[in-house]
1. Among the residues of the range 235-272, which ones are on the phi > 0 side of the Ramachandran plot and surrounded by fewer than 18 Cβ atoms within 10 Å (Cβ to Cβ)?
2. Of everything in the range 150-204 that's among the aromatic types (Phe, Trp, Tyr) and within 18 Å of residue 226 (Cβ to Cβ), which residue is surrounded by the most Cβ atoms within 10 Å (Cβ to Cβ)?
3. Go through the range 111-215 and tell me which helices (runs of 4 or more DSSP H), entirely inside it, have 1 or more residues that are over 25 Å from residue 266 (Cα atoms) and in contact (Cβ under 8 Å) with a residue 24 or more places away in the chain.
4. Looking only at residues in the range 100-110 that are part of a loop (DSSP other than H, G, I, E, B) and of a type in the set (Gly, Ala, Ser), which one is modelled with the highest pLDDT?
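The values are calculated or read from the model by the stated rules, or taken from the named source; none is laboratory data. Quick caveat, the model's predicted, so the values are computed rather than measured. All Cβ positions, even for glycine, are placed from backbone atoms using ideal geometry, and neighbour counts span all protein chains on display.
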Amino acid sequence: MLKKTSIKSLFRITALTMAFLIFAVTGAQSYSLAASAETLQGDQEAVNSTVESNSPEPTNNETPNITEEAPNDETLNNDEETSLDDNFHNVNVGDLEIMGEDTSPEASMFVLPIVWAGMGIGQLLGWLAGGTAAVVTIVKFGENVARVADFAAELRKSKQKDKPRYYKAKIDKQGMYIFKGLTDEEALKHLKDSSSNDVWTPLETDAKSLALKYAVSIVGVGSIKITEKESHHLTGYNDTRYYLHYHGEKIGIKRSGHIFYDSTGRMGVNPR
């Protein structure tokens, strides 16, 4: 009888233990699933909140008032140029931004190849005239050149875009002659290579601009200046033709050659 009772007690304890274990495992899984669901819901709410906060707010059609400040006296005074004497005037470095150069970021993004780069005077004239140039080139200084008056006339008629602003030039008693087109950088280098090198340009503003750049580019201590426009025909001889020009200079250091812009020239008035 005792053994039978002990066996029943053992079965009862075992059954209770198994039931407890099953309850514990089942409860833990239910808790884990509930926690996961709650976490997922919290993440979704956070995402929705972020999207709502980043959504642009509706705007109205009102335009804010913009007030521009009037330039003060100091700004106006900085634009003034002071003359020192009859032959020279001070250079305002800010003037280097004038004379038709486009240095905006938009322009620098679209740099086209230079069609006329490396062309001799005959090729350049043909390109300017669209293949029908009437200008006759001559041999001078050991190279083919064109007389400046003839070249300037062809240049004025040309409908080509992106024409050179500067040209390698040289003069003698009879006149001025054009060799080839130069980029802005080549024109400045040509002047810096030798003080006897000359450049021609159709426009006075471009001549003045190049003189400014030359003066600023010269390293050393000295006043940055350009000459007033010169011709020398009033002091020159009657067998020589003279043209209007500028020089760039850093006083006491270096002076550029002629930067011509006159295509006609005038004979000197003094007999030789």
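1. Selection gives 252 alone.
2. First, the residues of the range 150-204 that are among the aromatic types (Phe, Trp, Tyr): 151, 166-167, 177, 179, 200.
Okay, now just the ones that are also within 18 Å of residue 226 (Cβ to Cβ), so 166, 200.
Numbers: 166: 24, 200: 28.
Among those residues, the one meeting the criterion is 200.
3. 121-128, 184-193
4. At the first step, the residues of the range 100-110 found to be part of a loop (DSSP other than H, G, I, E, B) are 100-104, 109-110.
Narrowing further to those that are of a type in the set (Gly, Ala, Ser): 100, 104.
Numbers: 100: 42, 104: 51.
Here the answer is 104.
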